[in-house]
Amino acid sequence: MNKLFLYIEGNHDEIFANFILADYLRQSKSIELWPIKYAEKPPKLINKDIKSKSDYNYLFLSDLDNEEHACITARKEDRIKNYKYLDWSSIIIVREEIESWYLAGIDTSLDQFSSLDVPDNTEGIDKETFDEMIKDISEYKKDALIEIAKNYNFDLAVKRNKSFKYFLDKLDGFNY
């Protein structure tokens, strides 16, 4: 089985990687996912880790953070400034935040999600909007995220979120 190292920011990214992406990649692409949380670690440590992975396939997920960065290019430049061994083509920018990828894969025809009004394009969804939308699924956000993960619809997700589709397409471009 091929390995993919996926640098992720935080806890919600980790749930997405472990509960949504890992099984999908293992079953559909024979890829074993190795998530690595970077946001809580010093850039020097992550730089060293990225350098050690130069012979492997890796991707680096980062939220766009529209308030600080006007465009994807500016966000990528910021990431390379902080992580000097990071390859430009390995950076995947999540538009707007990882919550938009969660929302993209929700099938509102299922009873537990029927009260949600999921837009056709989820790229503009930020964490606060998402939190407000899913409050009826569960009292606790983590439980809601896991419920979404158990029922995640990849076909809907790629239709609703171009950055998620780009991420999956990027995986097809790796040489294994």
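Tell me which of C71, L45, F60 sits at the most positive position along the dipole axis of region 1-92, charges placed on C-beta atoms (Lys, Arg +1; Asp, Glu -1).
Most positive-ward Cα: L45.
With every protein chain left in place, what is the accessible area per residue of the chain in square angstrom, probe 1.4 Å?
Heavy-atom SASA per residue in the chain reads 53 Å².
Once you have the Cα-Cα distance between K81 and S109, take 0.36 nm times their residue separation minus that, and quote the gain in nm to one decimal.
5.7 nm
Amide H to amide H, which residues 5 or more places from K3 or on other chains are under 5 Å from it, using H placed in the peptide plane?
E32
Of [x] 116, 15, 11; [y] 23, 19, 18; [z] 27, 18, 14, which one was derived for semi-axes √(5λ) of the Cα gyration tensor in Å from the structure shown?
[z]
Under a point-charge model restricted to the Cβ atoms of Lys and Arg (+1) and Asp and Glu (-1), what is the dipole moment magnitude of the chain relative to its Cα centre, in debye to the nearest 20?
The dipole magnitude comes to about 1120 debye.
Hand me the trypsin sites (Lys or Arg not before Pro) from region 62-116 located in a DSSP loop with no more than 14 other Cβ atoms within 10 Å, in residue order please.
Filter output for region 62-116: K84.
What percent do you get for the relative contact order of region 16-110 when only Cα pairs under 8 Å and 6+ apart count?
Taking the mean separation of contacting Cα pairs over the length of region 16-110, I get 26 percent.
So if we plug the beta-carbon distance of L45 and K150 into 1/(1 + (r/R0)^6) with R0 = 35 Å, what FRET efficiency do we get, rounded to 0.05?
Efficiency at R0 = 35 Å is approximately 0.55.
Mind ranking K170, K165 by accessible surface for me, highest first, 1.4 Å probe?
K165, K170
Per DSSP helix of 4 or more residues, -39500 (n - 2.57); summed, then divided by the residues of the chain. What does that give at 222 nm, rounded to the nearest 500?
-12500 deg cm²/dmol
Expressed as a whole percentage, what fraction of the accessible surface of region 43-176 belongs to carbon and sulfur atoms when a 1.4 Å probe is rolled over the protein heavy atoms?
Of the solvent-accessible surface of region 43-176, carbon and sulfur hold 44 percent.
Would you kindly state how much longer the chain becomes between N121 and W34 on full extension, computed as 0.36 nm times their sequence separation minus their alpha carbon distance, in nm to one decimal?
28.5 nm
Have a look at the DSSP beta bridges in the chain and tell me what percent are antiparallel, nearest 5.
DSSP beta bridges in the chain are roughly 0 percent antiparallel.
With a cut-off of at most 11 other beta carbons within 10 Å, and DSSP calling the residue loop, which GluC sites (Glu not before Pro) in region 51-97 qualify? Please list them.
When the GluC sites (Glu not before Pro) of region 51-97 are filtered for loop state and at most 11 Cβ neighbours within 10 Å, E67, E68 remain.
Loop-only chymotrypsin sites (Phe, Trp or Tyr not before Pro) in region 92-140, please: DSSP not H, G, I, E or B, and at most 15 other Cβ atoms within 10 Å.
Y140
The values are calculated or read from the model by the stated rules, or taken from the named source; none is laboratory data. Since the structure is predicted, the reported quantities are computational estimates derived from the model, not experimental observations. Every residue, glycine as well, gets a Cβ built from its backbone with ideal geometry; the counts of neighbours run over all protein chains shown. SASA here: full protein model, heavy atoms, side chains in, ligands and nucleic acids out. Shrake-Rupley method; radii C 1.70, N 1.55, O 1.52, S 1.80 Å.
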